[in-house]
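Inspection log for the structure reproduced underneath, given as structure tokens.
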Amino acid sequence: MKFRSAMANSKFCAWVLAAVLGAAQAQSTDHIGRYESTLSDKDAILQVTQDFRDALVNKDGKKLAALLLSPQILFSSPPSPNYVKKRQADGEPTFNGIDPKGAAGFIEFVATSKTPIEEKFYNIKVTQDGHVAWVSFDFEFLENNRIENYGLEAWQLLKTVDGSWKIFSVVWSSHGAPKTLSTATISDPAYRTAQRLVPVEGTRRLNIYCTGSGSPTVVLDAGLGDSARAWGLVQPEISPLTRTCAYDRAGLGFSDPSNRAGTSANIVDDLHRLLGNADIQPPYVLVGHSFGGMNVKLFARTYTPEVAGMVLVDPSHEDQSSMIWDIDPESKAQNQSYLESLQECKQSTADWVEGSDLFKRCVGEASPRYTPELNAVDTLLAKQPARRQAWVSEFENIFIASSQQLRSANGSLGDMPIIVLTKEPAKPTARETQAMRDAKNQGWIRLHNHIATLSPRGARRTVVPSGHYIQQDQPEAVVAAIRGVVLASRASKRYKQFTIVLIKRESVLNEDLVSPTNDPCSPASSSRQWREMIASCAGESTSL
């Protein structure tokens with residue numbers, strides 16, 4: 001400990017001298033990041049991970065033991081400091097949470113288990129330097145096909161004299177059995193009627209429903225074909241913190257249809273007009289689910305100065321189609337076939353019979369997430385030609401026009417806080433192999449990681465258990481992410497710039513002063529002037 005302290009002090013002194021004198025030249029660190037590794041070794045290490053999984057599935061204790069340097073290696077999930085402290089206070093002063101038996105107990109458990117066991121690995125990363133290596137991954141441990149534990153796991157391995165790789169330590173975090181899916185229903189009667197219809201283009205209006213007060217304003221954009229009601233378990237939980245607005249895109253919910261295609265660019269243009277005409281002022285924290293994630297990401301690219309942060313809930317990605325089609329070429333033809341079948345949805349409802357395949361495909365069945373009253377309204381809306389046209393238009397454009405619009409968007413998002421939530425890895429369908437599904441799951445995570453890297457303050461989280469609708473399966477996970485981004489944005493430099501501009505604007509409007517000025521950062525008299533001022537005075541150069 002004294003050595004570490006001395007080293008810290010010497011480093012601090014060196015840093016001070018360099019800062020004061022400005023003459024010291026940092027020594028080269030060419031060795032950093034240079035490892036001795038080979039593809040054959042990495043393949044052998046990955047084979048160890050596969051053999052480990054196979055040993056568990058087959059309950060082969062001998063095979064498992066053969067993968068380890070010895071049964072007494074470090075093999076532990078260290079408990080929390082608070083738990084260690086409690087055990088020590090309860091009469092175990094030497095307790096440190098590390099099992100002295102090492103892996104022996106686990107080997108015995110595997111060999112004698114009466115139920116099916118399995119460990120799944122995700123995001124495997126191998127780092128090798130000569131005869132030592134590290135493997136890390138996300139894991140799920142299953143008993144009887146049910147997740148009993150999950151977390152992050154890390155191994156250390158070494159290459160033995162016979163050329164084989166052996167595990168000599170295993171450490172993992174532990175979260176226990178994950179929570180079950182939420183069974184809550186959306187019942188707010190506000191989702192059964194239009195709340196506020198705001199003109200965005202001539203007489204064409206969009207419906208928006210805002211609750212709560214405060215800044216930044218959280219703006220919720222639903223998935224493909226969905227409306228504001230999709231956020232019914234999240235909106236009431238965020239409203240006590242800040243103003244929260246869910247809206248219906250053109251032709252969906254209670255919004256008027258548009259004669260424009262349902263592309264992300266047109267949707268972003270509509271949303272920007274809606275917020276401006278409704279006098280809902282920046283800064284915004286944008287929250288998008290699925291296709292809505294593409295829309296809010298394009299909004300943030302287009303109107304960066306107005307966006308304080310983003311939360312993307314299992315978002316679609318502009319490159320997801322190519323990722324999926326490369327892994328599963330047949331899915332491209334299936335996608336086209338589904339799109340063609342949707343064209344039938346544009347026909348008159350006169351030919352529909354409730355319960356028929358056409359009815360199920362175009363209207364859908366009652367959702368257990370909604371009350372009977374809300375389901376009844378949703379069925380009536382789904383039968384409207386405008387709803388069906390809007391839904392089909394969004395699907396027609398998501399993989400082509402909308403995706404290209406996202407690829408063409410550029411410009412820095414600065415360091416705005418971004419959280420990406422990913423559903424738990426899906427299981428194979430009837431036509432998928434396990435390898436194909438694993439590749440798709442890993443591709444999905446890779447695309448979500450890419451979104452998180454758009455900002456140095458970006459992060460991605462996997463929500464277990466959950467399906468695609470995380471905001472309904474695990475609403476508390478979405479609420480926590482939004483709260484985190486809202487609070488982070490309030491502490492940011494950009495937010496303070498927004499606050500100064502808003503105070504100036506409110507002062508002018510309250511005093512009815514509309515005097516001309518040459519100051520580009522002076523209060524504006526109109527919504528358009530005010531937005532232009534926000535862009536110029538709290539622009540991309542202002543980091544969060």
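From the list F109, F75, F95, which residue is assigned by TED's automatic domain parsing to the domain that holds S164, modelled with pLDDT of 90 or more and not in a helix (DSSP H, G or I)?
None of the other options fit; the residue is F75.
Could you list, in sequence order, the residues of region 311-329 that are in a strand (DSSP E or B) and either hydroxyl-bearing (S, T, Y) or under 25 Å from A261 (Cα atoms) (or both)?
Passing the criteria: L312, V313.
From the list Q235, Q281, Q320, which residue is crowded, with 17+ Cβ neighbours inside 10 Å, touching a Cys at 6+ places or on another chain (Cβ under 9 Å) and touching a residue at least 12 places away in the same chain (Cβ under 8 Å)?
That would be Q235, the only listed residue that is crowded, with 17+ Cβ neighbours inside 10 Å, touching a Cys at 6+ places or on another chain (Cβ under 9 Å) and touching a residue at least 12 places away in the same chain (Cβ under 8 Å).
Identify, by number, the condition in (1) touching a residue at least 60 places away in the same chain (Cβ under 8 Å); (2) closer than 25 Å to E476 by Cα; (3) in a strand (DSSP E or B) that S174 doesn't meet.
It is condition (3) that S174 fails.
Answer with yes or no whether G130 is surrounded by fewer than 13 Cβ atoms within 10 Å (Cβ to Cβ), touching a residue at least 24 places away in the same chain (Cβ under 8 Å) and closer than 30 Å to R34 by Cα.
Answer is yes for this residue.
With (1) farther than 30 Å from V234 by Cβ; (2) buried (at least 17 other Cβ atoms within 10 Å of the Cβ) as the list, and V200 as the residue in question, which single condition is left unmet?
The failed condition is (1).
Output the residues belonging to region 112-126 that are in a loop (DSSP other than H, G, I, E, B) and of a type outside the set (S, T, Y).
Across region 112-126, the qualifying residues are K114, P116.
Would you check which residues across region 242-278 are among the polar types (S, T, N, Q), over 24 Å from the mean Cα position of the chain (by Cα), surrounded by fewer than 24 Cβ atoms within 10 Å (Cβ to Cβ) and part of a loop (DSSP other than H, G, I, E, B) and list them?
Across region 242-278, the qualifying residues are S258, N259.
Residues G223, G214, G262: which one is in contact with a helix residue (DSSP H, G or I) (Cβ under 6 Å, 6 or more places away or on another chain), at pLDDT 95 or above and farther than 27 Å from T183 by Cβ?
Result: G262 is the single residue among G223, G214, G262 that is in contact with a helix residue (DSSP H, G or I) (Cβ under 6 Å, 6 or more places away or on another chain), at pLDDT 95 or above and farther than 27 Å from T183 by Cβ.
Counting residues that are within 19 Å of the chain's Cα centre (by Cα), which helices (runs of 4 or more DSSP H) fully inside region 374-476 reach at least 2?
So the answer is 401-408, 434-452, 470-473.
The values are calculated or read from the model by the stated rules, or taken from the named source; none is laboratory data. Predicted model only: the values in this text are computed from it and were never measured. Virtual Cβ from ideal backbone geometry, glycine too; neighbours counted across all protein chains shown.
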